[in-house]
Amino acid sequence: MKKFIGYSLGTLIGISHIGMIGMIARRESLPKINLPIGEYTSYHVQANKEGYSIQYRAHDPRVLVKSEHVDRPAGFLGLGKKKVEIHEQYYIAPSESKSGGLDPKTIACIKKKGGGEGTGKMVGGALGTAAVTNTGLASVPIVGWVLAGAVTMMGMDQGAEIGGQMAEDFSKECEEDK
């Protein structure tokens, strides 16, 4: 009976020892690392069996460059072409998002104001034209057409200003900004 217990215990320890060697052999040699990945990130990782180290920069490169090659009209009456290179450097602040740093409520407020300005410009132009035709300003010799255009344009500008202000005043998105 003692021999049976000895052989059983030896077999059990031997099998568990072989299983443990198999688990160690299948284990990956380098630790797993979850790296933060973004549009403007850079990192340098050094990993070995003892551990790892990370050097991480959230906004890299700090200064971005945009280059354009544009063909512009040049020469007599703009018939020729001139090649122009435009280089622009700009900085992206850490708090800026892809929409230029504006939150959705501000964007909605700008859209409402722009829509109000467009509608106001159309109404102001119509009222300016009506004022020109009712007063007979267009029938002034030589300069009538210039005066008629000026009155219409002033009506359009005033209508755009008033319409934009009204849209901003009545918009719920713009109330919090004031």
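Some notes on this structure:
- Pairs, first surrounded by 15 or more Cβ atoms within 10 Å (Cβ to Cβ) in region 103-122, second charged (D, E, K, R) and part of a helix (DSSP H, G or I), C-beta under 6 Å, six or more apart: Lys113/Glu168
- Which numbered condition Tyr40 fails, given (1) assigned to a strand (DSSP E or B); (2) in contact (Cβ under 8 Å) with a residue 12 or more places away in the chain: (1)
- Matching residues, region 147-162, being over 13 Å from Thr129 (Cα atoms) and of a type in the set (S, T, N, Q): Gln158
- Scanning region 131-148 for residues that are under 22 Å from Gly120 (Cα atoms) and surrounded by 14 or more Cβ atoms within 10 Å (Cβ to Cβ) gives Ala131, Val132, Leu147, Ala148.
- Every listed requirement among (1) more than 30 Å from Pro104 (Cα to Cα); (2) aliphatic (A, V, I, L, M); (3) part of a helix (DSSP H, G or I) is met by Ile142 save one, (3).
We did not get these values from a lab; they are worked out from the coordinates using the rules stated. These figures come from a predicted structure and were not determined experimentally. FYI the Cβ positions are ideal-geometry reconstructions off the backbone, even for glycines, and counts take in every protein chain you see.
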